[in-house]
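Since the structure comes first, as structure tokens, the remarks are kept for the end.
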Amino acid sequence: MRGGVAAQAGKASRAALTAARQVAGSGRLVVVFQPHLYSRTREFAEGFGAALGLADEVVVMDVYGAREDPVPGITGALVADAVPLPAGRVLFEPSWSAAAPALAERARPGDLVMTMGAGDVSMVGPEVLDALRSRDDADDTGTDAAAGVPR
């Protein structure tokens, strides 16, 4: 029964990713996902991971616990480990502040970049745009925008 529950849990995520894949057209689909609640992550990590396999690149953040206390061993890594993509195309990034740069690093022109989950994951979008602008500015000027020094 657990496999059936996990599959059902990923159904909404699968539908959203299927629609996003159509919007992406010939571009890649690059997704950041933030699991919501420790109890849901424990129960549905496999279903979420399977659904995220529809993307080309995935960054999984740590769990947004909301009203729940952390549960030892229950992290976003459970979801990342369940994504059926090559290891180099899936990243578990437990640091919120590092998620946007990690996503921006994976993005290329023509990609559709998508945030998914509950909690504060939607706030990653503007951070990704800032990181992409910095990268583009560095490309235009020949400097490392983060350090402000010539490359």
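The values are calculated or read from the model by the stated rules, or taken from the named source; none is laboratory data. Values in this document were obtained by computation on a predicted structure and should not be read as measured data. Cβ atoms come from the backbone with ideal geometry, glycine included; neighbour counts cover every protein chain shown.
Below are the figures for this structure:
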quantity: Of residues in the stretch 56-77 being touching a helix residue (DSSP H, G or I) at 6+ places or on another chain (Cβ under 6 Å) and under 30 Å from SER26 (Cα atoms), the one surrounded by the fewest Cβ atoms within 10 Å (Cβ to Cβ); calculated: GLU57
quantity: Cβ-Cβ under 8 Å pairs, at least 6 apart or on other chains, the stretch 62-91 side on the phi > 0 side of the Ramachandran plot and part of a loop (DSSP other than H, G, I, E, B), far side at pLDDT below 95 and loosely packed, with under 15 Cβ neighbours inside 10 Å; calculated: ALA66/ALA118
quantity: Single unsatisfied condition, VAL30 versus (1) surrounded by fewer than 18 Cβ atoms within 10 Å (Cβ to Cβ); (2) in contact with a helix residue (DSSP H, G or I) (Cβ under 6 Å, 6 or more places away or on another chain); (3) aliphatic (A, V, I, L, M); calculated: (1)
quantity: Tally of residues being modelled with pLDDT of 95 or more, loosely packed, with under 14 Cβ neighbours inside 10 Å and out of contact with any Gly (no Cβ under 7 Å at 6 or more places or on another chain) across the stretch 78-93; calculated: 2
quantity: Complete set of residues in the stretch 98-127 that are of a type in the set (Ser, Thr, Tyr) and either touching a residue at least 24 places away in the same chain (Cβ under 8 Å) or part of a loop (DSSP other than H, G, I, E, B) (or both); calculated: THR115
quantity: Residue tally, condition under 20 Å from ALA51 (Cα atoms) and of a type in the set (Gly, Ala, Ser), over the stretch 100-125; calculated: 5
